[in-house]
């Protein structure tokens, strides 16, 4: 689950990570009052006005502004709230900005007195362990840094038995070129950041940039935080932060029926049980001349009702020209899936796109018989190759 910047920073702050004082605003007037409040508490004479959407690269799209007066805070808030913000990580139409974050200035006394670093914590899948990835070159795309100057990308692999050690935290500060007060501040910052990552069951922390202010203090100037969905049952407070308006409406609806659904840009809808089989099915669709319109895993306990809902969700996509159902009956019974297909036809009404159904495994013959006797316009297949050829046929 992705979080807004202000939500991620609230988690970090709870674990002792230094973040700028910030207040969320929903209108220009709220932004104006927030800036006055921040000025009263910190003495800040400048403010960052930042769009809150689930996407990076906001500054490139005009979603981050530095205000030098209270009137500018109101002006920038008026510009940003309600805009369709387009960034390299949004769709071409962009995302609607509904709220902003007003923050204190941490680039004191000026940008030339500040150092920016990159830091993230995530799972190293090759090692099967968490790692801290960091660079002295923050504030820009880390992919570009990795491509142009890979020697400026550092990593620390964390042993799960002992966690992040003091030695590793000090090595991170050393590799970032710090000394004195800022060295000690960075050691504390990294230790707190890793504690927050583990404690919140996160799958990604990305802080870009980490700021070393002129007085040596270290701040998380930005925070991209993703939480492992499978761990949310342990974090009701974090789960309550979920912003459904930032997610694809179809994916939200699918989650209500325990369907694993991701919308794609193709023309063949697919309904499969099991993530591995779903990936293989998507490959097969591409090899047959089509493009997958979605990833949809109905799970190992799919019943007729869930199959029907899966059809409804797939059919909401007007670009879908065919649907491929590929079910392996291990835990799930193929006849239950077949009954779901029949029910979907009767309950949804006329389905105008061709449907190819491949059933294998438990009660596959009974499932095929159910479909054959239903009188529905469904193409049956037994072998995967047959299903691929049928997809090619109905698309041509």
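Let's see how each residue does on (1) free of Cβ contacts under 8 Å to residues at least 40 places away in the same chain; (2) at negative phi; (3) outside any helix (DSSP H, G or I):
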position	(1), (2), (3)
168	yes, yes, no
193	no, yes, no
211	no, yes, yes
226	no, yes, yes
231	yes, yes, no
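Name the single residue, out of those in the range 328-350 being surrounded by 20 or more Cβ atoms within 10 Å (Cβ to Cβ) and in a loop (DSSP other than H, G, I, E, B), that is nearest to the chain's Cα centre (by Cα).
332
Out of the range 86-111, which residues are more than 16 Å from residue 26 (Cα to Cα) and outside any loop (DSSP other than H, G, I, E, B)?
Within the range 86-111, 104, 111 meet the criteria.
Being in a loop (DSSP other than H, G, I, E, B), within 17 Å of residue 269 (Cα to Cα), in contact with a strand residue (DSSP E or B) (Cβ under 6 Å, 6 or more places away or on another chain) and at pLDDT 85 or above narrows it down to one residue among 353, 325; which is it?
353
What tally of residues in the range 67-79 results from selecting those that are touching a residue at least 24 places away in the same chain (Cβ under 8 Å) and not in a helix (DSSP H, G or I)?
Residues meeting the conditions: 1.
Tell me whether the range 280-290 contains one or more residues that are within 23 Å of the chain's Cα centre (by Cα) and surrounded by 20 or more Cβ atoms within 10 Å (Cβ to Cβ).
Yes, because at least one residue in the range 280-290 is within 23 Å of the chain's Cα centre (by Cα) and surrounded by 20 or more Cβ atoms within 10 Å (Cβ to Cβ).
Scan the range 44-66 and give yes if some residue there is assigned to a loop (DSSP other than H, G, I, E, B), surrounded by fewer than 18 Cβ atoms within 10 Å (Cβ to Cβ), touching a helix residue (DSSP H, G or I) at 6+ places or on another chain (Cβ under 9 Å) and not assigned by TED's automatic domain parsing to the domain that holds residue 192, otherwise no.
yes
Could you tell me whether the range 240-259 includes any residue that is crowded, with 19+ Cβ neighbours inside 10 Å and closer than 16 Å to residue 356 by Cα?
No, the conditions are met nowhere in the range 240-259.
If you scan the range 242-258, which residues turn out to be under 14 Å from the mean Cα position of the chain (by Cα) and either closer than 25 Å to residue 196 by Cα or not in a helix (DSSP H, G or I) (or both)?
Correct list: 242, 243, 244, 246, 247, 248.
Any residue in the range 368-385 that is part of a loop (DSSP other than H, G, I, E, B) sitting within a Cβ distance under 6 Å of a residue that is surrounded by 15 or more Cβ atoms within 10 Å (Cβ to Cβ)? List the pairs, counting only those 6 or more apart or interchain.
Close Cβ pairs (under 6 Å, with a partner that is surrounded by 15 or more Cβ atoms within 10 Å (Cβ to Cβ)) amount to 376/345.
Being in a helix (DSSP H, G or I), in contact with a strand residue (DSSP E or B) (Cβ under 7 Å, 6 or more places away or on another chain) and touching a residue at least 24 places away in the same chain (Cβ under 8 Å) is the filter here, so list the residues in the range 8-43 that pass it.
Correct list: 8, 9, 11, 12, 31, 34, 35, 38, 42.
The values are calculated or read from the model by the stated rules, or taken from the named source; none is laboratory data. In this text, all values refer to a predicted model and were calculated from it rather than measured experimentally. As a convention, Cβ positions derive from the backbone with ideal geometry for all residues, glycine included, and neighbour counts pool all protein chains shown.
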